[in-house]
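Shown next, in structure tokens, is the structure this report addresses.
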């Protein structure tokens, strides 16, 4: 029998981006990691992680990216590279047996896998990932929606700065807490909702 995880890691990545990105999606790189570790049973916030990352493929941020994320060129220029940040992040996580990776949609999982492959570094999670966007859609019996619309549907407003890793992660956690209060929660010992991966 699989032991349930003690913590959920609600993670949000910001990445290099361009106004017309269709041909450049494969070139995107993480420039910020924001993550919240919450107790799986109580949903209490346990710890936070935030770090900027210096990109190497496209070291100069586009004007679109800076405007969208409010992350400055100065911040990424002063940041450590991906390998160093990933090492810190993996230590903060405490190992795959401790935490379950959760994010709003599959993008964050895919971007992390892409960056790990590009830098030839081990992926810090196991294969289990919870797509909270899909979970929210099932909970509301509605079409998939972004974080802002999901909060609005619950009568809440976004807190902090949009498209910033830690603020996005905290708002996603607020949505999950509401679902949890309503009895709709992640049963990691059985993964009772297997299509959330």
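What to note about this one:
- Relative contact order for the chain, counting Cα pairs under 8 Å that sit 6 or more residues apart, in percent: 27
- If R0 is taken as 22 Å, the Cβ-Cβ distance between residue 110 and residue 57 corresponds to a FRET efficiency of 0.85.
- Kirkwood-based Rg to Rh ratio, the chain, C-alpha trace: 0.95
- Mean residue ellipticity, 222 nm, helices only, the chain: the sum of -39500 (n - 2.57) across DSSP H runs of n ≥ 4, divided by residue count and rounded to 500, is -10000 deg cm²/dmol.
- For the pair residue 177 and residue 81, a Förster radius of 30 Å applied to the C-beta separation gives a FRET efficiency near 0.30, rounded to the nearest 0.05.
- One Cα centroid belongs to the range 15-81, the other to the range 137-182; the line between them spans 19 Å.
- The chain: antiparallel DSSP beta bridges as a percent of all, rounded to 5: 65
- Rough spin-label spacing in nm, given labels placed 7 Å along Cα→Cβ, for residue 121 and residue 50: 2.0
- Axis angle, to the nearest 10 degrees, between helix 165-181 and the longest C-alpha principal axis of the chain: 10 degrees.
- Residue exposure sequence - 86, 166, 121 - by fewest surrounding Cβ within 10 Å: 121, 166, 86
- In terms of other Cβ atoms within 10 Å, 177, 28 run from fewest to most in the order 177, 28.
Each value in this text was obtained by applying a stated rule to the coordinates, not by laboratory testing. Keep in mind that what you see is a predicted model, and the values were worked out from it rather than measured. Counting neighbours? That spans all protein chains shown, and the Cβs are built from the backbone with ideal geometry, glycine included.
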